[in-house]
Amino acid sequence: MQILSITLKNIKSHQDLELPFVSGINVLAGVNGVGKSTIFEAIGYALFGVDARDFVGNIERFIAIGAKKGEVTVTFSPAAGDTYRVSRSVGAGSKWLLARETGGAFEVEEHAGAPETEARIKELLGLDSGRPLADQFKLVIGPFQHDFLGPFVLRQPAKRQEAFDAILGIDAWRKTYKGTTTLLKAVKSRIDLLKVEIQAKEEQVVALPERQKEVHALAGEAAAQQKLVGEKEKGLAAIQGLLVLCDGQEKKIQALKGDILVLENRMKDGEGKIVDNGKRVKEAELALEIMEKSRPGQEAFAAAEAELKTLREQERQRRALEKEISALDRETARLAQALAHERQEIKKTATELAAEEERLCREEKEVVPAEGLILAAARLTALKTEAERLRQAQGLLEGRRVGLLEGQEKLAEGVCPFFQEACRNIAGKAPGDLFGVRLEHLDQEGKTLAQRLAEAERQRGAAEKAGQELAGLRVRSQELAKQRLALAERSRHNSKRQAALAGVEKEEAAARQKATLSQEELKKYAKLDQEIAALEKKRLGQQAARDAFFANQKEALDLQNRRDSLAAMKALLEELRTTLTGKGQELAALSKEYDAKGHAQLRLDKEALVGALATGRQKIADLGRERLRLDGEIKKMVQIKAEIKALLAARKGLGHKEELVKFLRTQIFNNVSAKLSERFREEISLRADRIYRTIAETDEELSWGDKYQIILRDMEEGSLRERSDEQLSGGQTMSAVVALRLALLQTIGARVAFFDEPTSNLDAARRANLAQAFRAIDVGREEVTEHWYDQLFLISHDVAFTEVTDQIICLE
């Protein structure tokens, strides 16, 4: 097993850090606060699933300041040839992913969730025990710096024993022993409850034989009662046969009496209706006479009404014609007004267009550029080139002048300006003025160049101004061209309006002509009002005759119906008299045959039998219900007896379980944890003692006590001395804890371990010895212990570890 590298992104003080690791011992060094412990925490977070809140309390403090999310990636090789990468993010939506390297790329394994990922990593690390990976890391493999001494220094033996039993994985036996106490109490309590329940149920089934006797007696009584009811039912059937015959006779007599009464009432009603219908016939005859007298007046009224309807239609036509004439007059006026306004607008627009044309012609002449302006603007490029050439010449001239001045100074000192050494040509001679004439010539040439450059700059400025004026004229010319196009468009639009006037003039003429024709047509309705008034007067004169005609018309037309109805009523009355006579004769014959007193006695006999039958049947029903009640009680008691049998069997089974629990508690659970603890402590003490002797270089024996206390034994003045807990110095305690932790890691099978500042509280000699002990374990020296780990990670400021480590990582 080997951790190959770790990458931290936005984790505490590390924004983007990648560290490679080697097999053997890896030491992390650096000043305090640089983030060495953070590397161990990150490995615990990503590879062992430790909760970030175990490091910092608030998970946001595990992320770099200013960042919202962080991530830790650990690459490791659980076996030769296999490489895996586990990554775990920090923050919202945290993910824990495991990937395997295949063909140079990492493929993420599909896991249902964090528990499945943890189980897979356990398998790869060879730590697949019942304890979570995070607990194994925090307790043994990589305890935090402030927890390094951990349970070793707990003063309460019980708490220390619980902690190390949990680390060694043997706490389940002790917990099971304690847990079965409650189970044993529960079994005993259940047995006591079953005894009480069985006793209560046995009391309930005592009355079972008595209830069975009662059921047998009820069955005999019910059979006797059923026989008596059968005899009474036969007598009731005979009486009911006679009652049916008498009831039929009685019903026929009552029906005949009802029919006779109905016939008599119908005859009385028919006679009244005949009288009323005779009066209605006389009223219809009178109405017919009045209708015939008023018929001529009604016909004259109808003729006037028809003529008046024709005149009303002519009146409607006249009103429509008048409306049309009015609309034509308004349309003619509107068209005349529109023509006048349109002519005025066209004339006004033509005047404006002429003025605009004159203005455009004037301004177009103004924007034509002068020939001198065009030529001046065209020289701009040449003038810029000339000015730049003059500046370059001026720069060269200034360089020559500086060189001459420097040569003049050197020559005055007797030094050659070219070879930078004493000039032999003028050795012993006074230096002459060899540069004055040249400098004067250069100054004169410089003045000339400056004048030419000034003139070139002036001409360039004039050319630039001419170019700007020429550009302005071009822009103005383009604007005038746009205005010329707009003017042409307005002119075309005005011409179209002028052409459209002819159509409006035609519309006006047509409207005037149509109005004139309508006025001529209106003249034929001149006498219409007089004709309507005369017909209205004529119709009013015949109104009374017409009203009398229609008021009597309905009754007159109904005369024949009324006469037919009166004849039918008289015929029906005669028929009812005949039917009534027949019904009376039939009633007399039935009354002789029917015996009313005998019929009443039969009814009394029936009621007595029905009452007796109801009483008998009710008694049978009561007996049946009583039997059902007793059957229910018997059934319930039988069921309770079965329950008692089951409860007795359950009580017997619980007794066996109670004996088994007592045996397991006394013979197994209470002894196994002690035996396992003793075996682990002996094995770990043996390994830890050899490591401790190497670290301390003393003749003290390290032992792990029965309550997991640290015990040191040595000889003092010939006697065995034994010290533990508070009797030990800080260096002894730290040395013993380191030795015990190394032995413990080897015992549980861990292939990788983390030590954060293991040399605290140790003197220089012990620190050096501890480093040598780590190296001895790494190479597997027999006097210390065999090699058991693949990688060891240390955080230390001690130089002793620089000599034994396989890699030192210095964090800046």
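The values are calculated or read from the model by the stated rules, or taken from the named source; none is laboratory data. Owing to the predicted nature of the structure, the values given are computational and were not obtained by experimental measurement. Positions of Cβ are generated from backbone atoms using ideal geometry, with glycine treated the same way; all protein chains shown enter the neighbour counts. Just so you know, the surface numbers come from the protein's heavy atoms only, side chains and all, with ligands and any DNA or RNA stripped out. Shrake-Rupley method; radii C 1.70, N 1.55, O 1.52, S 1.80 Å.
What number of residues within segment 571-586 satisfy the criterion of being farther than 17 Å from Lys273 by Cβ and of a type outside the set (S, T, N, Q)?
Quick first cut of segment 571-586, residues farther than 17 Å from Lys273 by Cβ only: 578-586.
Narrowing further to those that are of a type outside the set (S, T, N, Q): 580, 582-584, 586.
Qualifying residue count, segment 571-586: 5.
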Lys273 vs. criteria of a type in the set (Lys, Arg), in contact (Cβ under 8 Å) with a residue 60 or more places away in the chain and open to solvent by 80 Å² or more (accessible area, probe 1.4 Å):
yes
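Please pick out the residue among Glu356, Glu363 that is open to solvent by less than 60 Å² (accessible area, probe 1.4 Å) and at pLDDT below 85.
Glu363
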Do we have Leu125 as closer than 18 Å to Asp51 by Cβ, open to solvent by less than 70 Å² (accessible area, probe 1.4 Å) and aliphatic (A, V, I, L, M) here?
no
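So for segment 187-195 (the condition being part of a helix (DSSP H, G or I) and closer than 30 Å to Thr615 by Cβ), does at least one residue qualify? Step through it out loud before you land on a result.
First pass over segment 187-195, keeping only residues part of a helix (DSSP H, G or I): 187-195.
If we keep only those that are closer than 30 Å to Thr615 by Cβ too, we end up with none.
No, segment 187-195 contains no residue that is part of a helix (DSSP H, G or I) and closer than 30 Å to Thr615 by Cβ.
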Can you name the condition, by its number, that Arg61 falls short on among (1) surrounded by fewer than 16 Cβ atoms within 10 Å (Cβ to Cβ); (2) charged (D, E, K, R); (3) part of a strand (DSSP E or B)?
(3)
The one condition in (1) over 30 Å from Asp631 (Cβ atoms); (2) in contact (Cβ under 8 Å) with a residue 24 or more places away in the chain that Ala238 fails to fulfil
(2)
Quick check on segment 144-159: of everything there that is in contact with a Lys or Arg (Cβ under 6 Å, 6 or more places away or on another chain) and assigned to a helix (DSSP H, G or I), which residue is least open to solvent (accessible area, probe 1.4 Å)?
Pro151
Could you tell me whether Phe801 is in contact with a helix residue (DSSP H, G or I) (Cβ under 7 Å, 6 or more places away or on another chain), of a type outside the set (Asp, Glu), open to solvent by less than 10 Å² (accessible area, probe 1.4 Å) and modelled with pLDDT under 85?
yes
Within segment 735-754, is even one residue farther than 18 Å from Lys36 by Cβ, modelled with pLDDT of 80 or more and assigned to a loop (DSSP other than H, G, I, E, B)?
yes
Looking only at segment 226-248, decide whether some residue is assigned to a helix (DSSP H, G or I) and closer than 30 Å to Thr578 by Cβ.
yes
Tell me which of these Leu572 doesn't satisfy, since it passes every other one: (1) closer than 30 Å to Ser294 by Cα; (2) surrounded by 12 or more Cβ atoms within 10 Å (Cβ to Cβ).
(1)
Can you confirm whether segment 70-77 contains a residue that is open to solvent by 30 Å² or more (accessible area, probe 1.4 Å) and assigned to a loop (DSSP other than H, G, I, E, B)?
no
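Output the residues belonging to segment 719-770 that are of a type in the set (D, E, K, R), open to solvent by 20 Å² or more (accessible area, probe 1.4 Å) and more than 26 Å from Pro157 (Cβ to Cβ). I'd like the intermediate steps shown before the answer.
Kept after step one, since they are of a type in the set (D, E, K, R), are these residues of segment 719-770: 721-723, 725-726, 741, 751, 756-757, 763, 766-767.
Still in the list and also open to solvent by 20 Å² or more (accessible area, probe 1.4 Å): 721-723, 725-726, 751, 757, 763, 766-767.
Those that are of a type in the set (D, E, K, R), open to solvent by 20 Å² or more (accessible area, probe 1.4 Å) and more than 26 Å from Pro157 (Cβ to Cβ): Arg751, Glu757, Asp763, Arg766, Arg767.
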With the condition kept exactly as written, say whether any residue in segment 321-333 is farther than 26 Å from Gln519 by Cα, open to solvent by less than 50 Å² (accessible area, probe 1.4 Å) and either among the acidic types (Asp, Glu) or assigned to a helix (DSSP H, G or I) (or both).
no
Name the single residue that is surrounded by the most Cβ atoms within 10 Å (Cβ to Cβ) among those in segment 160-190 being over 30 Å from Phe55 (Cα atoms) and within 47 Å of the chain's Cα centre (by Cα).
Thr176
So, in segment 392-407, of the ones that are open to solvent by 90 Å² or more (accessible area, probe 1.4 Å) and at pLDDT below 85, which residue ends up farthest from Ala466 (Cα to Cα)?
Glu406
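Against the definition (more than 30 Å from Leu744 (Cα to Cα), touching a helix residue (DSSP H, G or I) at 6+ places or on another chain (Cβ under 9 Å) and open to solvent by 90 Å² or more (accessible area, probe 1.4 Å)), how does Gln199 come out, yes or no?
Values: more than 30 Å from Leu744 (Cα to Cα): yes; touching a helix residue (DSSP H, G or I) at 6+ places or on another chain (Cβ under 9 Å): no; open to solvent by 90 Å² or more (accessible area, probe 1.4 Å): yes.
Considered against the rule, which asks whether it is more than 30 Å from Leu744 (Cα to Cα), touching a helix residue (DSSP H, G or I) at 6+ places or on another chain (Cβ under 9 Å) and open to solvent by 90 Å² or more (accessible area, probe 1.4 Å), Gln199 comes out as no.
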From Thr385, Thr332, grab the single residue that is polar (S, T, N, Q), out of contact with any Cys (no Cβ under 6 Å at 6 or more places or on another chain) and in contact (Cβ under 8 Å) with a residue 40 or more places away in the chain.
Thr332
Is at least one residue of segment 109-129 within 30 Å of Ser760 (Cα to Cα) and not charged (D, E, K, R)?
yes
